[in-house]
């Protein structure tokens, strides 16, 4: 199997992002975005997905974290699309339920080539520290659009906003890990009756 890695450099007037991804990693890497809680969430994707992920981002945080979080989602989606290549031999689908104390979330992903985010989560507070909870959806919207995946994310219940957000990111990492893994029975075939993804 060829190396499934990608490096993305994304510079705009609002953000500067350098991101590298190895789908066959161990969860290693550093995440430095200037937004502490967001770095913690990126850690969840990497560690639970077993993806090596390095992210260095600077953005217009004097305004707020919106552009930084959204643009990292875009860059991560681009990295996944590049690292997956033609998607031959992949499991394609993945799902995971992850709890954290009283909170439970479910994430289901299809490496379909058709971008779509279906997101249901309600947060009891508007902020987790300095992090705006609306940015959870913005991150995953950017990711799904650029990775060209169908992504269903449901926070089934929870009372603590930190816990709810963390269960979504953990479950996403685990669902992506399954979907991106190879199926030896498929060999070099595409996991599609259409012959294309």
Checklist entry - In nanometres, what is the gap between the two model label sites at residue 189 and residue 39, each 7 Å from Cα along Cα-to-Cβ? => result 4.6
Checklist entry - What's the Cα-based Rg to Rh of segment 17-91, Rh via Kirkwood? => result 1.00
Checklist entry - Can you give the angle from 0 to 90° between the axis of helix 36-49 and the longest principal axis of the chain, with both taken from C-alpha atoms, to the nearest 10? => result 20
Checklist outcome for this item: Here the FRET efficiency for residue 114 versus residue 18, based on Cβ atoms and R0 = 22 Å and rounded to 0.05, is 0.15
Checklist entry - Hey, what number do you get for the chain at 222 nm if only DSSP H runs of n ≥ 4 count, each worth -39500 (n - 2.57), divided across all residues, to the nearest 500? => result -11500 deg cm²/dmol
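Using only the Cα atoms of segment 57-164, build the gyration tensor, take square roots of its eigenvalues as a ≥ b ≥ c, and label the shape rounded, prolate or oblate: rounded if a/c is under 1.5, else prolate if a/b is larger than b/c, else oblate.
Oblate shape, in that a/c is at least 1.5 and b/c is the bigger or equal ratio.
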Checklist entry - So which residue, out of 171, 148, 56, gets the largest mean-square fluctuation from a GNM of the chain using Cα contacts under 10 Å as springs? => result 56
Checklist entry - Roughly how tilted is helix 134-147, in degrees to the nearest 10 and between 0 and 90, from the longest Cα axis of the chain? => result 20
Checklist outcome for this item: Ranked from fewest to most other Cβ atoms within 10 Å of their own Cβ, 86, 166, 138 fall in the order 86, 138, 166
Next on the checklist: I'm spelling it out carefully: the read-out is Kirkwood radius over Cα pairs in Å, the candidates are (i) 18.4; (ii) 16.7; (iii) 17.7, and one was derived from this structure. Which label?
Outcome noted: (ii)
Checklist entry - Relative to the longest principal axis of the chain, what angle (0 to 90°, nearest 10) does the C-alpha long axis of helix 161-180 take? => result 10
Checklist entry - So in the chain, what percent of DSSP beta bridges are antiparallel if you round to the nearest 5? => result 80
Item to check | Label-point gap, in nm, between residue 63 and residue 134 - each point 7 angstrom along Cα→Cβ | outcome: 1.3
Checklist outcome for this item: If one builds a Gaussian network model of the chain from Cα atoms under 10 Å apart, the most fluctuating residue listed among 76, 168, 100 is 100
Checklist outcome for this item: Ordered by fewest other Cβ atoms within 10 Å, a rough proxy for footprinting exposure, 182, 193 read 193, 182
Checklist entry - Where does each of 60, 11, 132 land when they are ranked from fewest to most other beta-carbon atoms within 10 angstrom? => result 11, 60, 132
Item to check | For peptides 110-119, 35-44, sequence by mean Cβ density within 10 Å, most packed first | outcome: 35-44, 110-119
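Read the figures in this text as sums done on the coordinates, not as results from a lab. Quick caveat, the model's predicted, so the values are computed rather than measured. Every residue, glycine among them, receives a Cβ derived from its backbone with ideal geometry; neighbour counts consider all protein chains shown.
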